[in-house]
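Read through the structure below, which is laid out as C-alpha cells, and then see the notes.
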Amino acid sequence: MPDCRPVSTHIPRTSVQRPARMVINKGCQNRLRCAERPADYYLKKGSNFMSSPKPEPGSMTPEFRFSPNPNKAHTIDWLSWGPEVFERAASEKKPILLSLSAVWCHWCHVMDETSYSDEQIISIINERYIPVRVDADKRPDIQERYIMGGWPTTAILTTNGETMSGGTYVPPHELISLLKKVADYYAEHRDRLEEAAEEQRKQILQAASMKEAAHFNLDESLVSDVLDMLQRTFDAKHGGFSDKPKFPNSPVTELLLRRAYLENNTDLLEMASRTLIGMADGGLFDREWGGFFRYSTESDWSEPHYEKMLGDNAVLILDYLRGYQVSGNIKYRDVAEKTLAFIDSYFADKKNGGFAGSQDADEAFYKLDADERLKHKLPFIDRIIYVDTNAAMVSAYLEAYQVLGDEAYRDFALRSVNFLMETCYSAEAGMAHYFDGEAHLFGRISSQAGTIGALLDAYSVTGTHKYLDSAMALAGICEKRLLNDDGTFADSSDISGEPHLGALAVKTTPVQENALLARQLYRLSYLGGASKYEEMVGRTLASLELGSSTPITALALFVLAVDEFLTQPVVLTAVMTGTEPGAKELLREAFRTYVPGKAINILDPISDYEVVEALGYPAEKHPVIYPCIGRMCLPAVETPHELKGILEDLPGRRK
C-alpha cells in the first residue's frame, strides 16, 4: 500500500513506462458521550482549540490546497487537470510536471515548504514545464494511475500523459538535478520520446480491447488457500501481516472473524484477536483522543504516522464491534466506543449530517503531553464530504446501533445517508465522489458500492422502503453504466463528464471495488428479491483478474465476497409494528447477535400487508421473526431467548 514518506526517485529513461503499481461509564446510556474523558473535554479547556468549518452549499473549497505552514508553493503556475494542460504541453513542447498531493500528508506539506518553495525550482518549473496539481482525495482516478509509491508523487509526463520519470518526496537539491536532467533530455529527444509514448498508448489500448476474461472456479479452495497464506504470513507476536511499515487490514480481520465463527476455529480467532489487541495497545490507536492513525512505521504498531482517515476508522470500528460480538472481550467494545466518540465530536457535521474526510498528520502536536496540547490548535480537519468513506461510516454507525443499542448512532447515520442522497445523487449518473458545496465526479464505482451498502444497512434497521428502493436504483445504474461485457465493473462511467486525458483513457476493473460492489449486489439478491444479481455476482467474481501483485486488502475483500456467495444467507423477516409490546426486545436480539451474512427485513403487518401475504406469513400474527437459511425457513419465533438459541446454533450454511 502506498504511504506518505520519502523514497528514492526515478531517473530519466529512454523508453516511456507506466509506474508499477478508557474505560466506559457503566451507567451511561448515550455512548456517544461516554468516553472516559468527555469527547468535548478539550474544546471546553482550550478556547483556541478548534476545527475547520464545513463548506456550505455554494462555497467550494480552494482549487489548490497547500501546506498550512509558510511556503511559496502557490507561486508555481499550477494548472488543474484538464484539456488545457495537454494542449499547452503540446503547443509549447514542454513536459508535464504532475504534483499529486493530499491535505493530510506530512511529506506533502514538507514538499510544499521545501522543494516547491525553492526559488530555483519554482523558476525551472514555470519556465520549462507545464505544472499540474492534483488533490489525491478529490481525484482518486488520477491517483490510481499515476501514484509512484506514495504521497506526494512527483511525476513527469509526456504530452499524452505517459510517465517518463518521478518519485515521491524529492528534496530540493535532488529535485533541481532531476528537473534539469529531464528537461534537457526531453528537449534533445522530444520527438523520439513522444513517438514512443504514443506507440505505448496504442499498445495499452489494444491490449485492453483484446484482453480475455479471467475465469475462476468459485469454490471453497479459494477461501482455504488464502487462509493458509494468512497463517503463514501472520505476525504472531504483534498481530498483523507484514513487518514494517504495518497497516491495519480490516478485510483480513473480518475474514478471520467470519471463518472463526463459522468453523468454530480458535486459531483464526486468535489471529484476529492478536491483531486487534496489537493495534489497540500499540501507538496506532490514540488512547487519549480516540480514533486510529493510518499506519505504523514499526512492526509492533508503536510509531504511527499521525493522519486519521475517515474510511480507515469506519472499518476499524466494524472490526472491533465484530470482535466484541464474537469473543465477548469488553476491551474491543471500549475501543469502538472511544473511536465513535472521537468521530462524533470532531468529524461529524451535526448541522447537516455527514462526516469530514481526514485529519492532518501533525506529528509535533501528537508528541506533546496531553495537557500541553490544549494550548495548540487541533490539527486541520478536511471538511469535504467524500461519499465512499461517508457511506462506510454510516454503515459503522448503524452497526454500532445494532450491537450497542444506542439510538443516537442510528439517528445520525440516517441523517447522514439522507444528506448524501439529497446532495450527491443523480438519477442518471448515480453518486458523486465528493461534496464541497457542490457535488463532483459522478460515477465512481467505490461511491456506488459504498452507498448501496449504507442504504441496505439503513433499510435493515428501519424497514423504510425508500432506502431499499434507492439501493436498487443505484444497482441499476451500476449495471447500465459500469458493467463490462466480461461481467466485471469499470472503475468509472463515461457519464462522469470528465475527459479521458492521459492514463484516464484506459479504464480499469479494480479488484477491491468490484469485490465490494459484488458483496452489496449479493445482499440485494436476497434482501431485495432481485435474484438476477446472484448470477451477476457469480460472473463478476469469476472474471476478476488476480495475481501475485494483487494487494492483500483487495485479495481479502475478493475472498470475503466469494465466501459469502458460497454461503447460504440468513434472512430474518420481522413482522411487527414499532410500538407493540415485545417487538423492541425481539428486534434487539436480532440486531445484536453476530451471524455472518445476516440480513433483517422489517415488515409492518398493516402497511406491508401484501408483502407479508406474498411471503406466506399470516399478517395477523405479530410481533414475530421468521428465520430463513437460504430458501429453508423455520417457524415463527416469538421470544428473544428462542431467537438467540436458533441463531447461535446455525450450521456453516454452505450452498
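Each reported figure results from applying straightforward, stated rules to the coordinates on display, with no laboratory input. The model shown is predicted, which means the values in this text are computed figures rather than measured ones. Methodologically, a virtual Cβ is constructed for each residue, glycine included, from the backbone with ideal geometry; neighbour enumeration extends over all protein chains shown.
Which of the peptides 256-269, 448-461 is most tightly packed, and how do the rest follow, going by the mean number of other Cβ atoms within 10 Å of each residue? Kindly include the intermediate steps, with their values, before the conclusion.
On the way: 256-269: 18.7, 448-461: 26.1.
Ranking the peptides 256-269, 448-461 by packing returns 448-461, 256-269.
Compute the Cα gyration tensor for region 383-504, then decide on rounded, prolate or oblate, letting a ≥ b ≥ c be the square roots of its eigenvalues: rounded whenever a/c is under 1.5, prolate when a/b is larger than b/c in the other cases, and oblate in all that remain. Please list the in-between numbers first.
On the way: a/c = 2.30, a/b = 1.70, b/c = 1.35.
Judged from the Cα gyration tensor, region 383-504 comes out prolate (a/c at least 1.5, a/b above b/c).
Between Q231, L374, N265, whose Cα lies farthest towards the positive end of the dipole of the chain when Lys and Arg beta carbons carry +1 and Asp and Glu beta carbons carry -1, centred on the Cα centre?
L374
Considering every pair of different Cα atoms, what Kirkwood radius, in Å, is found for the chain?
Kirkwood hydrodynamic radius for the chain: 26.1 Å.
Quick check on the exposure proxy: order M632, M421, M393 from fewest to most C-beta atoms within 10 angstrom.
Working: M632 9, M421 19, M393 28.
Placing the least packed residue first, the sequence is M632, M421, M393.
Size of the dipole of the chain about the Cα centre, Lys and Arg at +1 and Asp and Glu at -1 on the beta carbon, nothing else charged, in debye to 20? Before the final figure, lay out the partial values.
Details: 70 positive and 93 negative charges, 116 e Å.
Rounded to the nearest 20 debye, it is 560 debye.
Would you mind working out the magnitude of the charge dipole of region 282-395 relative to its Cα centre, with +1 at each Lys and Arg C-beta and -1 at each Asp and Glu C-beta, to the nearest 20 Debye?
Result for region 282-395 is approximately 440 debye, rounded to the nearest 20.
Under a Cβ-only charge scheme (Lys and Arg +1, Asp and Glu -1), can you give me the dipole magnitude of region 572-648 about the Cα centre, in debye to the nearest 20?
Charge dipole of region 572-648: 360 debye, to the nearest 20.
At a Cα cut-off below 25 Å, give the lysines reachable from K94, other chains included and same-chain residues fewer than 8 away excluded.
Result set, ordered by chain and number: K72, K180, K181, K202.
For H305, H433, what ranking results if the residue with the fewest other Cβ atoms within 10 Å of its Cβ goes first?
H305, H433
Can you order the peptides 481-494, 181-194 by their average number of other Cβ atoms within 10 Å per residue, highest first?
Order by mean packing, descending: 481-494, 181-194.
Apply the Karplus parameterisation 6.51 cos²θ - 1.76 cosθ + 1.60, with θ equal to phi minus 60°, to every residue of region 347-352 and state each ³J(HN,Hα) to the nearest whole Hz, in sequence, with x for glycine and proline.
Values, residue by residue: 9, 6, 8, 5, 6, 10 Hz.
Go ahead and estimate [θ] at 222 nm for the chain from helices alone: -39,500 (n - 2.57) per DSSP H run with n ≥ 4, summed, over the residue count, rounded to 500.
-14500 deg cm²/dmol
Once region 572-648 is represented by equal point scatterers at the alpha-carbon sites, with solvent omitted, what log10 I(q)/I(0) does the Debye formula produce at q = 0.25 Å⁻¹?
For region 572-648 at q = 0.25 Å⁻¹, log10 I(q)/I(0) is -1.27.
What shape does region 287-433 have by the C-alpha gyration tensor, where a ≥ b ≥ c are the square roots of the eigenvalues, rounded means a/c under 1.5, and otherwise prolate means a/b greater than b/c and oblate the rest?
It is oblate, given that a/c is not under 1.5 and a/b is not larger than b/c.
Which ordering of H109, H238 is given by a fewest-first count of other beta-carbon atoms within 10 Å?
Values: H109 25, H238 21.
Placing the least packed residue first, the sequence is H238, H109.
By how many nm would the segment from L501 to E144 grow when fully extended, if each residue of separation counts as 0.36 nm and the alpha-carbon distance is taken off?
Additional length available on full extension: 127.1 nm.
For region 273-338 and region 215-233, what is the centre-to-centre distance using only Cα atoms, to the nearest Å?
Using only Cα atoms, the two centres lie 26 Å from each other.
Please give the residues of region 301-329, grouped as numeric ranges, whose backbone N is less than 14 Å from a label point set 7 Å along the Cα-to-Cβ vector of K244.
From region 301-329, the list is 301-305.
Viscosity 1.306 mPa s, temperature 10 °C: what is the translational diffusion coefficient of region 312-369 from Stokes-Einstein with a Kirkwood Rh over Cα pairs, rounded to a whole number of µm²/s? The partial results should precede the final answer.
On the way: Rh = 13.0 Å.
Once the numbers are plugged in, D ends up at 123 µm²/s.
Using 1/(1 + (r/R0)^6) with R0 = 41 angstrom and r between the beta carbons of I176 and K480, what's the FRET efficiency to the nearest 0.05? Mind showing how you got there, number by number?
Details: r = 50 Å, r/R0 = 1.22.
Efficiency at R0 = 41 Å is approximately 0.25.
Between T577 and I606, what length comes free when the chain is fully extended (0.36 nm per residue of separation minus the Cα-Cα distance, one decimal in nm)? All intermediate terms of the calculation are to be shown ahead of the outcome.
Numbers: separation 29, 0.36 × 29 = 10.44 nm, distance 0.84 nm.
Length gained between T577 and I606: 9.6 nm.
From a point 7 Å beyond the Cα of R631 in the direction of its Cβ, which residues of region 522-537 have a backbone N at a distance under 16 Å?
From region 522-537, the list is 525-527, 529-535.
If I stretch the segment between R232 and N264 completely, what's the gain in nm (0.36 nm per residue apart, minus their alpha carbon distance), one decimal? The partial results should precede the final answer.
On the way: separation 32, 0.36 × 32 = 11.52 nm, distance 1.98 nm.
Answer, rounded to one decimal: 9.5 nm.
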